[in-house]
Structure formats: structure tokens, C-alpha cells
There are 2 protein chains.
Amino acid sequence: MDKNLIQSSGRGIPDIVVGRLPHYLRALQHMALEGRRLTSSQELSERLGISAAQIRKDLSLFGEFGKQGTGYQIDFLLDQLRQILKVNQVWDIALVGAGDIGSAIARYQGFENRGFRVTMIFDSNPNIIGSQVGAFVVQSSMEMVACISAAQIRIAMLAVPAVNAQEVADRLVGAGIKAILNYAPISLNVPEDVHVQYIDPVIHLQRMTYYLD
Amino acid sequence: MDKNLIQSSGRGIPDIVVGRLPHYLRALQHMALEGRRLTSSQELSERLGISAAQIRKDLSLFGEFGKQGTGYQIDFLLDQLRQILKVNQVWDIALVGAGDIGSAIARYQGFENRGFRVTMIFDSNPNIIGSQVGAFVVQSSMEMVACISAAQIRIAMLAVPAVNAQEVADRLVGAGIKAILNYAPISLNVPEDVHVQYIDPVIHLQRMTYYLD
């Protein structure tokens, strides 16, 4: 569980609201790709399984984005959400771990036009260092801190074994990383000003089996 | 966004509480592996970044699991949480998509002892069908519905391109699937009684960039 879930942002927006914004952005990007120009909180509600009232309330915390009767202009709302989430720029990402998951991330096409690109990948395994993964040559994790510091990268994705994850996270924090997306199935301890999100498929699966008969 | 987030379970437990239980379970499993026998809501709080009061309140919804002063017996609490989340059994999973992400999932070691095992993997690409991925031979997605129905599998992981995801999800629902973990960056429409959770790294990254300067 990341501490975001019990935090509010400095601007007083509850983190649970912040957590829904990327879902709105993704849905709007799909609509834009479909050539659509207008949408409504009702339509977003149907696509996302979030009530229309909740969507209107969430968006109203950031400004007046829609008009009653005409709904939301997709391009305008996209721009606004990208600004709010600070993905009206492209963030460089350092990827640590070039095993199965790291390699899949390195080749992942889903970052495009969404504010992120992987720019370096590290591993500690001498058999993997120097090999090509997607568009990248795997660098030694000995160079990790220096490379990340020099490039002033703020975001890392962590795809190393659970047993190594905390130690790598400590070094990433030392290199200036402020946001870690962790694929290792273990909770990380990081300073207050570092954000962590987790990707652990079992957590999601267990949340669903609760409801199965 | 999965509809679980705005649902309560039939037993009246808010889904947000259900969503925290797998995190408690994972932390307790790590403690058990470390040879530990007792823990406290304070220790869990430090590991998870959730307040000790919240942890005590969440667990108290399901029973009396700890004693004031002595804390929680790890083995007992593990057993209880496994029962509550229904992972005191092993659930078979059908994996759809044998590309980079699907292959990484097929080889993922993190399911072990956590209630799940992948038992079949499907793809529609004739060049991939019949090839070996981890311990599995990739089967044709033409056989998917029949195989899943015959094996009475309830859980699927979806690692196909976004453009195919809804169509595959519809067929999975037709085959009797009740829980889908979707890696495709698109929201799925499913019947009320089908649970969906999403793994989309960009959603997590965007939730963190909101807080970066």
C-alpha cells in the first residue's frame, strides 16, 4: 500500500481523487482517438464504472471544465488533465532490472503519448549487462546512481527480485529519484518526499477472489 | 477504474477495506518467512504506510484477531486472512496473450504460495501457437472458450493489445470467467457479476507525477 492512499496533496485534493484523474485521462484519450469531440459525465461514467456525480465533483475541484447541457469538450479537458497531472511533458524513466518483467517494460508500447519514456535500463547480472533489450543496451547497476544523478531523472521503475528491492530503492533515493513504480512483491520504506506505487498482480487477484463464491 | 472501487461487498465490508487486506496478507507472509511469530498494528503500520488505528479497525470488521498488549499471532492472522480472501485454496488462471507481458506473467514466480497458478495460456498468433512459454505450450485462442469452460476456470489474466481486449473479455465472460485482471490499457465493459482489475503502469506513474515539482 502506498502512502499516497492515506495522504492528501498539498493543494488539499484528496489522493483518492488524484487517483481517478489518470482514468479520466485515459478514457478521454481513447475517445479522442475515436475522433470524438464532446463527451459527458454520463458517458465517462459508463466507460469507467464511476458515478457521473462523482466525476463531475472530482473535475469541479480543478475548475469549470464543462457546461450543463453541452458536456465536456474532449480536447480541452485532455489538455487540462495533462496539466494537472503534469504529463503535458515527457518524463524520463530509469528502469532497474532486465529480467522477464523489466524486458517487457522496456518493449512496452503503452507509454507513448501518455507522458513517459524509458531512457535507461540497469541490471546487476554480468550475463545481461551489455545486451540489447528493446531499444536499450543494459547498463551495469554499478553505474546506476551516477547515470540517474547526471540525467536528473526523478522516476524509476523497479523490476528486481523482492530480496534486492529495498537496497536498490535506497540507492535510487540517494540518486534523487522521487517516484518509484515497484514491481517487486514487497513494500518499500522510503523518505516522506518519495512516492511509491506498487504493481503486484496477486494483490489485485486476491481483491477479486474475496467476491467469488 | 474497476467497479469494485464504488461497490460494497454483500457482507457490508467496504471495498476499500477489502483492497487493503491483500497488503496485510503480503506483509504477514514476509514476516512469517523471516521466522517471526508475533506482530502489532504499529509494526504493520510502519511496513505499509497505513495508520495502526486503520489496520486495527479493518481487521476488527472480521473478528477478534489480536489482544491488546500482545498484538497479533502471525500464523493465526495469516490463516484468517487467507480464508477471508479465499486464497486458502489455489485458483487456476487462464492467461490470454503470449507476447512480452503474457510471457513474463507465464514465467512469474510471485504467484507461489499466494493462492494462484497459471494453468493455460492462449494466443491468436499462428507463429506463437504451439510454442513453449515457461512451463506452457501456447494454445490457440480458438480453443479458449472450450478449454476454460471444461476446466471451470473462473479467473483470467488478459495481456492482449488494447484493440482486442473487449472482444476477448466478452468471450471470457461467455466461458464463465468471473474475474479478469486486465493488462491492456483500456477499460472493459463486463456484466455486474464479473470483477475486473487493471494493471496499467501509466495510471500509477501519472498518479505520482501529480505530486512532483
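The values are calculated or read from the model by the stated rules, or taken from the named source; none is laboratory data. Computed from a predicted structure; not experimentally measured. Cβ coordinates were reconstructed from backbone atoms using ideal geometry, including for glycine residues, and neighbour counts include every protein chain displayed. Surface accessibility is based on the protein's heavy atoms, side chains included, excluding ligands, DNA and RNA. Shrake-Rupley method; radii C 1.70, N 1.55, O 1.52, S 1.80 Å.
Answer with yes or no whether B:Ile13 is surrounded by 14 or more Cβ atoms within 10 Å (Cβ to Cβ) and either touching a residue at least 40 places away in the same chain (Cβ under 8 Å) or more than 12 Å from every other protein chain (Cβ to nearest Cβ) (or both).
Answer is yes for this residue.
Name the residues in the range B:83-96 that are out of contact with any helix residue (DSSP H, G or I) (no Cβ under 7 Å at 6 or more places or on another chain) and not polar (S, T, N, Q), would you?
Residues satisfying the conditions are B:Val90, B:Ile93.
A:Asp92 passes all but one of (1) part of a strand (DSSP E or B); (2) more than 17 Å from B:Ile199 (Cβ to Cβ); (3) facing another protein chain (nearest Cβ under 10 Å); which number fails?
Just one mismatch for A:Asp92, condition (3).
Any residue at all in the range B:61-77 that is at pLDDT below 95, exposed (fewer than 13 other Cβ atoms within 10 Å of the Cβ) and in contact with a Leu (Cβ under 9 Å, 6 or more places away or on another chain)?
yes
Name every residue in the range B:40-68 that is over 21 Å from A:Ile186 (Cα atoms), within 14 Å of another protein chain (Cβ to nearest Cβ) and outside any helix (DSSP H, G or I), in order of residue number.
Those that are over 21 Å from A:Ile186 (Cα atoms), within 14 Å of another protein chain (Cβ to nearest Cβ) and outside any helix (DSSP H, G or I): B:Leu61, B:Phe62.
Considering (1) of a type outside the set (Ser, Thr, Tyr); (2) open to solvent by less than 10 Å² (accessible area, probe 1.4 Å); (3) free of Cβ contacts under 8 Å to residues at least 40 places away in the same chain, say which one B:Arg47 fails and leave the rest.
In the conditions (1) of a type outside the set (Ser, Thr, Tyr); (2) open to solvent by less than 10 Å² (accessible area, probe 1.4 Å); (3) free of Cβ contacts under 8 Å to residues at least 40 places away in the same chain, B:Arg47 misses (2) alone.
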